[in-house]
Amino acid sequence: MSKVKLFLASELEVNEIRQVELDAREPIAIYNLDGEYFATDDTCTHGNASMAEGDIDGSEVYCPFHMGAFDIRTGEATVAPCSVPLKTYEVVIEDGYLFILMED
């Protein structure tokens with residue numbers, strides 16, 4: 001398991017999403033959901049759209065492509081046409097910075 005440093009937690013506003021590009025990996029979407037931080041794959045499992053360009057409503061993120069939705073906390077698809085969950089990553093905060101834990 002690798003711990004990947006992202007950015008200062010204070011840089012992500014409440015209910016904001018940010019895409020993070022990682023070396024040799026697919027992009028990740030980082031969410032600030034009312035002060036709690038979550039991470040998923042950035043690419044929608046239904047279509048080739050960035051979840052970072054989507055909209056947060058409650059604990060769901062709506063894909064900008066077909067308006068399907070996922071639970072930000074679990075990655076589960078909640079609104080059709082999405083049916084395959086997003087991969088999620090554990091987020092930790094150390095010294096004010098966000099890190100995600102990823103498989104090597």
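Below are the figures for this structure:
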{"quantity": "Of all residues making up the range 15-53, the number that are among the β-branched types (Val, Ile, Thr) and farther than 23 Å from residue 96 by Cα", "calculated": "2"}
{"quantity": "Residue ID - farthest from the chain's Cα centre (by Cα), chosen from residues in the range 20-49 that are closer than 23 Å to residue 79 by Cα, hydrophobic (A, V, I, L, M, F, W, C) and assigned to a strand (DSSP E or B)", "calculated": "33"}
{"quantity": "Hits in the range 72-97 - residues which are over 21 Å from residue 54 (Cα atoms) and either touching a Phe, Trp or Tyr at 6+ places or on another chain (Cβ under 6 Å) or not in a strand (DSSP E or B) (or both)", "calculated": "92, 95, 96"}
{"quantity": "Selection count, the range 50-71, where residues are within 17 Å of residue 14 (Cα to Cα), in a strand (DSSP E or B) and either in contact with a Leu (Cβ under 7 Å, 6 or more places away or on another chain) or β-branched (Val, Ile, Thr) (or both)", "calculated": "2"}
{"quantity": "Residue 18 being surrounded by 17 or more Cβ atoms within 10 Å (Cβ to Cβ), charged (D, E, K, R) and modelled with pLDDT of 95 or more", "calculated": "yes"}
{"quantity": "Pairs with Cβ under 6 Å, 6+ apart, first in the range 10-23 and acidic (Asp, Glu), second surrounded by 10 or more Cβ atoms within 10 Å (Cβ to Cβ) and not in a loop (DSSP other than H, G, I, E, B)", "calculated": "16/32"}
{"quantity": "Long-range neighbours under 8 Å by Cβ, at least six apart or interchain, first residue at positive phi within the range 85-104, second in a strand (DSSP E or B) and at pLDDT 95 or above", "calculated": "96/8"}
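Quick grid of which residues meet (1) buried (at least 19 other Cβ atoms within 10 Å of the Cβ); (2) at pLDDT 95 or above:
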residue: 9; (1), (2): no, yes
residue: 14; (1), (2): no, yes
residue: 46; (1), (2): no, no
residue: 50; (1), (2): no, yes
residue: 74; (1), (2): no, yes
residue: 84; (1), (2): no, yes
residue: 94; (1), (2): no, yes
residue: 98; (1), (2): yes, yes
residue: 101; (1), (2): no, yes
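The values are calculated or read from the model by the stated rules, or taken from the named source; none is laboratory data. Source: prediction; values computed, not measured. We place every Cβ from the backbone using ideal geometry, glycine too, and count neighbours over all the protein chains shown.
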